[in-house]
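S.K.: Before I ask anything, here is the structure I am working with.
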Amino acid sequence: MAGINPVSGATPNWPSQPTGAGAGGAAGAEQNRNGFGDLLKNYVQNVDSDQHASAQAIQDMITGKSGDVLPVVNSVAQSDLSFRLLLGVRNKVIEAYQQTVNMQI
């Protein structure tokens, strides 16, 4: 039996940062320009797929297709954790935006 790992899908894959003297080119600037937005978009899609997988596991349990409770609990815990992490990131982004707006020039 595999152990429960509730954080297995909750950590995003951060893109590697270019280093060295050749990192300041146009390709590096384009990667930095699209990096954060793409990262958020991918993570939201991952959270959505976790939510759908959790709902499907619950549906399979209710209809009798799956008799084991452990995968259902694991799926629900993973989707809950990834959703909470997404909410935390959203709250930090909103807080940073509000601080930026309230800056005095």
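S.K.: Only one of these conditions is not met by S66: (1) outside any helix (DSSP H, G or I); (2) more than 24 Å from N46 (Cα to Cα). Which number is it?
M.R.: Going through (1) outside any helix (DSSP H, G or I); (2) more than 24 Å from N46 (Cα to Cα) one by one, S66 breaks only (2).
S.K.: In addition: In the stretch 79-91, how many residues are at pLDDT below 95 and touching a Pro at 6+ places or on another chain (Cβ under 8 Å)?
M.R.: Residues in the stretch 79-91 being at pLDDT below 95 and touching a Pro at 6+ places or on another chain (Cβ under 8 Å): 0 in total.
The values are calculated or read from the model by the stated rules, or taken from the named source; none is laboratory data. Remember, predicted model here, so these are calculated numbers, not experimental data. Because the Cβ atoms are built from the backbone with ideal geometry, glycine has one as well, and the counts that use them run over all protein chains shown.
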